[in-house]
Each structure stands twice: as structure tokens, then as C-alpha cells.
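The structure appears below as C-alpha cells.
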């Protein structure tokens, strides 16, 4: 292979990294470089520095160290049997690229992953070296997200956590069967074992911080994972229950869903359809319901149809409300916060505004209109001082009333 | 309030975002109980306006000196006002003053988010915060050399008057660099220790390029996934008004234009490549299907009955579901209906061993009557749940012709309920685009009482027609 320059390598290794959905750069400890040494800062809310036409934000330099891999996971463009062009960055190249992008305010930090070369430990060492060099040689205070390799030595994973803001391990597929079929070299138990180790290390650190202020930091932005949607036979119910169990057991900050998109040089085991983007979107909505709206896993699973799939034409919260109509209408002026959160079309912020406002006045319909985004969507489900939806929630054709009328145009309709 | 023949009060503020000036003036106006509609606010150079003296910047405490009692405002109001001051709406000063008077009488009014004035100001504050956030995100520095070495310079055009409010972020992040952000209204500079200001600048004052930008554009183009085009989502978060000062946005047009072609190429190429490992893939899919729990039917059935036949078969038959014997043997179409099917195929001159035979639903659904298991029709949910497997089989085989045997198979292939009589005898297009023919299920021929012979003959006739069509295609 002829030698590639940095830009050629970047094209290959960024292309290889784009199937990872995570781009978050938020939720870490606050740092800045006002002491005049080093470079960079992090401040709670992440910043999306650009958006690509796929609607995904670009906040981090997301690349692989190398796209060569000894594994043969069917869904992965970098698998051993794929014919993609291979490239490899040295740790120093990644460090320089990160710094030169960071200085120009293109990015907030780096998200580094890698194909597995030689051995898990060797690969992990290379990844850790990039983070170490950024932190120690260049006093870099921006965001670092490292993907850890499931079978790497625990000491290397610990070092990754010391330098990184976030570490992640992908569970890849929601079912063990799917993993066996599509990623034969990966092992669900080992992946979860590694997640457990990271969780324990994070807990330890938090414990230590209570006693010693100087306790070394460990992945202050926690850990996350990713599941591929639409590559195996798992339905939405399987995926939602899996996500909820991951949140519960490993204290994950985020579970990312990635609609499986056709990759160049795909394996024949995989569906060659357009990625199920709407399905991915509905799963994220269900995830939000669990994390911010007080829905239990059972609630969101109940919003799914008999075939275990969430409806694609309406959001899961509306689906739940249409299915459990006896909970409605809700009196905006009296209902507790958790009940208000169940009203379709009402977000967390709107609910907060309603709760503070109603201390001062009995809310009327036009008050609710000012406090929310779309009154039309909410109206059938609420009671206000001047409004009561007569019989609307008992109508058989209620779905028609509240379902969004416009449909996004299919750009590439089959 | 009492007012007659009273001239308008004019307040002149030093800067667009002069919060201190506004606060001092507002405090003394409020002390004098001047109504909001009697105050005009402006920003500008000229002092010595006709009435400016009446309510110009006043030292703290002077309200008390005028005989009005001093009053304090909640912290939330100060934070809101500091933000709203940066908005580009010329009415902001007067709206804030109106709210100040309300706050004085009713300190908790800010909690009433449904109040129209509070809501309007909250929305303005949100616009300002968003603009500051977008400044932090979309400023693009270019490296330039000056007398003291390298300096990073950006040209940026914000929507509101936020440069001063947005600058400290860059001082925290890039403290060890020397940088300047130039905007039409105001420029800010950092020398490594202090923030300084200078008047507005023009685009020509900023460097017109940076060699790293090409590398950045390479990254932007490569990280984009053409299979997931979502232009609306991009524009919502990165409005076009910011594009002209971001180097990477020059690529957006060609990336979108190329996306469809790139995706089609990816799919095509991968379709062409299938074949080599189709056998492995089919084995993998089948193994996964054996443990399927996508619908409740797996609980009662003995096993998943997957399709069988050569993977390069040009002809695929899709039946309804396995029956009693198929359930026990684990193979499709071997019971009474299967035997009848074989006989009809023979008469029509079609070799079953050259066709792939499968079912729309892959578990046996039945009701128990005494010792017998009686076939029960699968419902829509079960058909939909199982369609995933059929789709997998179809994408692996890509048969030239698919034959739907009966209504269940047709529902699965077309994605809707169809009547067999209306579709029979001519080529149809399935949901996934493949050529599909519809006929009855062989078990119908076992069940039917009247015209048994005729129905059977018609079934064979359908198969003959399909056989001819297949010959024509190959």
C-alpha cells in the first residue's frame, strides 16, 4: 500500500467511524484554561460545532485509530472480510489533528475508537496513549471520549477512565442471538462484564471524592453504549427492555440507537434497506419517556403494538395516551406534575411552567397555548378553567384528530 | 397615574447592550413612577438631547433623593434583563421597564410564566441565549501571523448584540492563545491575559483562509452518512444565516446532491456482492429464527419451520403456516396439503426441488380439540411479526418470481389485505418490488366442497402460467 497523507487517512478513518451515533460532549466536570497553561475547557452543556446533512451534530473529532480489524462482525464496515481501504493513524497524528481543529474552534474534543489489531491489549494501549499525550504532554482540557475494548486488561481500562471524560463499550445488538449471528467473536457476557467494571470504578471514584478532594478523576461524564437497530430480529419491545436493564444495572448516561444503514461491501447476512430512521427516532422518544417523563419500562412497552413495535406514524407518548384513555382528560389546574407529564404534546419545560404559573392563576386555554408548543395536540387530553373536551377522548376516531397530518416527503421513495 | 401635557422622557443608552445604563435610568424612572408609555429609549452617541437630562443615567440612590422609596428586585429579574438587553428588538428596553414596574408591585410575577409580558421576554431571552450558544459553536478561527507571532482571528455575524456576553467563553477555552473575534458592531481581542474591545470591523479585516480548513472539510465530508439524509434537522440546528462564515458549509450542496447516488451505489454494490456467503448468511438467519420469540406462537409450536430449497432458486413459494405434520418434522409443505401441492406442481411441469418453499408465518398456530391440533388462522400481528424472516429470506434469494399461496401469504407480501380472486392470473408487484403471483393455498383445495375438480384444475392452470412466465424471464 502506498503511503497515505494525513488527509487521505482522515477521510478513511472518519468514514469508518461515522456509524457510531454518540457525539455528546456534555455532563462532564467543569474545567478551563484560564491559568494560561494548556488549552481547552468544558462547561456542562455541550456545544455542537457543526451539523452534517444527515442531521447529526459534529462536536467531537470522531475517528478510528485504525480500521483494520481482526474481528468479522457482519454489520461493521471494518470487519476482517470487508474490502474497504485500510489506514492507520499514529497516536501523535491524532493528537496534532485534535489540537489543530480545537484551536480553530471546529470541535470540542475527540472521540476515539479503533478496529482491533494484534490484540485487545495492544489496541487499547494505543487508544490510551492518545489520551495520555493530549492530557499530559499538551495539557489538553477539552472533552475526550474513548471507546474501550471489551477484553482489554482492566488496568488499561482504568487508565482510559483516568484520562477520558467518557468511556463507552457498545453492546452492538439488543439480543444475544443477534450478537452470536452477526458478531461471532463478541460475547455479550464479556461486554456486560466490562461495563460493570467501569460502573464500579466510577462509583469508587465518587465515593473517594467524598473523602479526598484530590481523588483522581474517573470518567466524570460516565459511560454510554450503542445498539444497532434493524440488523437483527429484535423488535422495539426487546430493545426498550434491554435499554432499560442497561440503564438500571450499569448506571449508563445514554443508550444510543443507530439505525442500521447499508454499508459499502456489506455482508449478505444484513438487510439492504434504507436505515429505519423513523424507528430509531421513536426509540429515542421512548428512551426520553423513561428518562425524563417518569414512564416505567412497562409503560413504554405497553405503548407498542401487539407485534412489539412502536407505531411509526405517532409518537409513543401519544400512542400510550390513546391506548389508556381512562387516564384522560387531565385537569391542568389540579393534576400532579407526574400526571401532567403524561399529556401528549406537553414537554418537561411546559409542565414546569404550568406548575409555577398555576400558583398564581387558574389556567385557561389561552394560557396553556402560551406555555406550550401546540395546543391542538394537547386540547383533547386536558381540562382547563374554560375548556372540557366533551366526549372527544371517547371517540373511536380520536387518532385521526391528533395524529400529525403532514408527512415528511420520502426523498428516495422506493 | 396622573400625567398631563407632560413631555416624553427620552433615555439615551451608551451601547446596544448597556445594561448598567438601562438599570440606572429605569430605577430612577420607576422611582418617579413614570409610566412605560411616557419613556422613549434610544441608543446612540448624542448626549444633550432635549429631555435627556430629565432621566439620563442617575447615580444609585438618587431615586431616594427624589423622594421615591428605593426598592429591590428579585435576582431572576436581573438575570432576565441582562439577557434580554442583548436582543436586537428595539422595544426591549421599554418592555423590560414595563416588567420592572410590575415586579416592584408584585415581586413574584416572574413565576407566572403564562403572563403575556413575562412569556414574551422569556422568549426573547431564549433567542439571545441561543445566539450566544451559536456564537460559541460557529465562530471559526483562522490562524494569522502578526508582529508578535500567531493570532487566531474570526469573522462572525451574530443576530443579536451578544459579542460582549459571548466573549468570556473564548477566554476560558483559549486562554493561552492570542485571538480576535471581529463582528460588524464590535470586535473583541484576547492577548493571553485581558479582553479588550475595538469598534466593529468588516469581513476584509479577517484572514481569508487557513490551510487546515481543507483538512476540516475532508473530515466534514467523511463523517457524513449519505444513507441518512436529514436536511431539515441540520438546518434547524445550523440555520443558513450562519453558513457564510463556516468553511465546511460550502460542501453541503454537493454532499446532498451526491447522497442519493452514493447510497444507491452502496446498496447496488452490496447486492452484487451477495452470493459468496449467501449460504452462510442463510444458515445464520435460520439459526436465529429457530429461537424466535417475536410473537407468542413460539410457546405452543414444536419448532420454527423455516423455508427450504436452493438459495439461487428463481421461484419462491410462500404458504400460510406450517401444519401439524410440518410442525413435528420441521419442514414446510409435507402434510396433506403439501402432498397435493407436489402433485399439482408435477402436473404443471415445475420441479419443486428447484424452487424455494417457505411460509408467511413460521410457527404452527392451532386450537386443541380433544387429541387433535386443529389449524387456526394467524392474525395480522403474527403475520407482521414474522414478516421479518420472510424479508430476510427474500433479500437473500431475490427470486425472479414469488408465488403467494393464499390470503395470509399475500397479506405478508403486499403488506395489506387483498382478495385472491381479483389478483389471480396476472403478475403483481410485492411491497419490496418483486414480481409476485397470487393463487389459492393447496389446503383450500382439500377443504372446498363444491367444484373440487374445477378448483384443482384452475390451481394447476395458475402454476402452468407461472412456469411459462418463468421460462420467458430466464
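The values are calculated or read from the model by the stated rules, or taken from the named source; none is laboratory data. Bear in mind the structure is a predicted one, so any value in this text is a computation, not a measurement. Counting neighbours? That spans all protein chains shown, and the Cβs are built from the backbone with ideal geometry, glycine included.
Tabulated data
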| quantity | calculated |
| --- | --- |
| Residues within the stretch B:183-226 that are within 14 Å of chain A (Cβ to nearest Cβ) and under 9 Å from residue B:155 (Cα atoms), tallied | 2 |
| Sole residue being out of contact with any strand residue (DSSP E or B) (no Cβ under 8 Å at 6 or more places or on another chain), buried (at least 19 other Cβ atoms within 10 Å of the Cβ) and within 30 Å of residue A:55 (Cα to Cα), chosen from B:229, B:182 | B:229 |
| Residues being free of Cβ contacts under 8 Å to residues at least 40 places away in the same chain and outside any loop (DSSP other than H, G, I, E, B) - total across the stretch B:423-460 | 16 |
| Test for residue A:346: is it modelled with pLDDT of 85 or more, surrounded by 20 or more Cβ atoms within 10 Å (Cβ to Cβ) and within 10 Å of chain B (Cβ to nearest Cβ) | no |
| Residue within the stretch B:101-110 that is outside any helix (DSSP H, G or I), more than 9 Å from every other protein chain (Cβ to nearest Cβ), farther than 26 Å from residue A:351 by Cβ and more than 31 Å from the chain's Cα centre (by Cα) present | no |
| Any chance residue A:69 is under 19 Å from the mean Cα position of the chain (by Cα), in contact (Cβ under 8 Å) with a residue 24 or more places away in the chain and not in a helix (DSSP H, G or I) | no |
| Residue match in the stretch A:243-265 (condition: within 24 Å of residue B:391 (Cβ to Cβ), modelled with pLDDT under 90 and assigned to a helix (DSSP H, G or I)) | no |
| Subset of the stretch B:227-245 [more than 7 Å from chain A (Cβ to nearest Cβ) and outside any helix (DSSP H, G or I)] | B:239 |
| Residue within the stretch A:185-200 that is buried (at least 23 other Cβ atoms within 10 Å of the Cβ) and within 14 Å of chain B (Cβ to nearest Cβ) present | no |
| Filtered residue count, the stretch A:20-60, keeping only those that are within 7 Å of chain B (Cβ to nearest Cβ) and touching a residue at least 40 places away in the same chain (Cβ under 8 Å) | 11 |
| Residue ID - modelled with the lowest pLDDT, chosen from residues in the stretch A:37-58 that are within 15 Å of residue B:240 (Cα to Cα) and not in a strand (DSSP E or B) | A:55 |
| Given (1) part of a loop (DSSP other than H, G, I, E, B); (2) facing chain B (nearest Cβ under 10 Å); (3) modelled with pLDDT of 90 or more, number of the condition residue A:11 does not satisfy | (1) |
| Residue list for the stretch A:90-103, restricted to those being touching a helix residue (DSSP H, G or I) at 6+ places or on another chain (Cβ under 6 Å) and crowded, with 22+ Cβ neighbours inside 10 Å | A:94 |
| Residues of the stretch B:387-413 classified as within 24 Å of residue B:445 (Cβ to Cβ) and either within 12 Å of chain A (Cβ to nearest Cβ) or free of Cβ contacts under 8 Å to residues at least 12 places away in the same chain (or both), total | 1 |
| Residues of the stretch A:351-363 classified as at the interface with chain B (Cβ under 9 Å from one of its Cβ atoms) and in a helix (DSSP H, G or I), total | 5 |
